[in-house]
Every structure is written in structure tokens, then in C-alpha cells.
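Quick notes on the structure that follows.
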Amino acid sequence: MTGLGSPPPPGLRALARRSVALPGEALLAECDEEFFIASGPGGQHRNKTESGVRLHHRPTGVLVTATERRSQSQNRGEALDRMRERLAALGHEPKPRRATKPTRGSKLRRLDEKKRRSETKAGRRGGEE
């Protein structure tokens, strides 16, 4: 996966968009599913069973985990939801920004405010004017 700030390659973006549209079973088929012992509150049931779920989406390299619930099936559903959210974010293409210039009115307002501020500060100096 790409680092923060740099846009993903177009091919990766298209893969992510295609994968988001898949039904749950097909999306799970594209993922490597790993179960592990989740730590934290939840007692013996959570500390001795492999209830944590880690999904790795092979085509895009996206990795998500879910360990909040004590049930492996609930964590699998949560991980699948997170995978969809992450793939949707990866597949999103931001609108290109267009450069604009300040209007004449906004320039005049800015200059008027600067002049007013400078007069206020000059008044604080006192002494010779």
C-alpha cells in the first residue's frame, strides 16, 4: 500500500473500487483470513480463544484487524466492514482543484483592514506623529 499523502496508483484504485462492489463471500475469498488470540478485557473466554480476526486483501495489500468482540464471527463481520471502508477510501478519487485568484473586492477589503490595523497600532505608539 502507498504511504500517506501520496495518491495510490490508478490500477490499485480500480482494484479497490471493484472489490468494494463484491458480495461478502467473494470479498472474503480475495482475503487471507488469520485468527489470533486477542488481549484485553473479556475474561478467560477472550484470553484463551482465537477471537481476533486479521484480514489481508491480497490484490491491494490492505490489512485490517478486529478484536473488540469476544466472538470470532462478530469480529469477522467487523473486519469485513472495515475492509469495505478502507477499500472505499482507497478507491475514492478526489476532484481536481482549480487555481483561483482573489476577487477585486476581497483585495480591497484586505487592504482596508490592513490600513485600519496599522492606524490602530500607530495610535498606540504615541509620541510624534
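The values are calculated or read from the model by the stated rules, or taken from the named source; none is laboratory data. Computed from a prediction, not measured in an experiment: that's the story for all the values here. Cβ: placed from backbone, ideal geometry, glycine included. Neighbour counts: every protein chain shown.
When only residues in the range 29-38 that are surrounded by fewer than 17 Cβ atoms within 10 Å (Cβ to Cβ) and in contact (Cβ under 8 Å) with a residue 24 or more places away in the chain count, which is farthest from HIS57 (Cα to Cα)?
Ranking the candidates gives PHE35 first.
For the range 23-62, how many residues meet the condition of being outside any loop (DSSP other than H, G, I, E, B), hydrophobic (A, V, I, L, M, F, W, C) and in contact with a helix residue (DSSP H, G or I) (Cβ under 9 Å, 6 or more places away or on another chain)?
The qualifying residues number 8.
hydroxyl-bearing (Ser, Thr, Tyr), surrounded by 11 or more Cβ atoms within 10 Å (Cβ to Cβ) and modelled with pLDDT under 90, is that true of THR65?
No; evaluated as a whole, the condition is false for this residue.
Would you tally the residues in the range 63-84 being part of a loop (DSSP other than H, G, I, E, B) and polar (S, T, N, Q)?
Here is the first cut: in the range 63-84, the ones part of a loop (DSSP other than H, G, I, E, B) are 67-71.
Retained after the next criterion (residues that are polar (S, T, N, Q)): 67, 71.
Result for the range 63-84: 2.
When both residues are 6+ apart or on different chains and their Cβ atoms are under 6 Å apart, which pairs have a first residue that lies in the range 102-119 and is without any contact (Cβ under 8 Å) to a residue 24 or more places away in the chain, and a second that is of a type in the set (Lys, Arg)?
none
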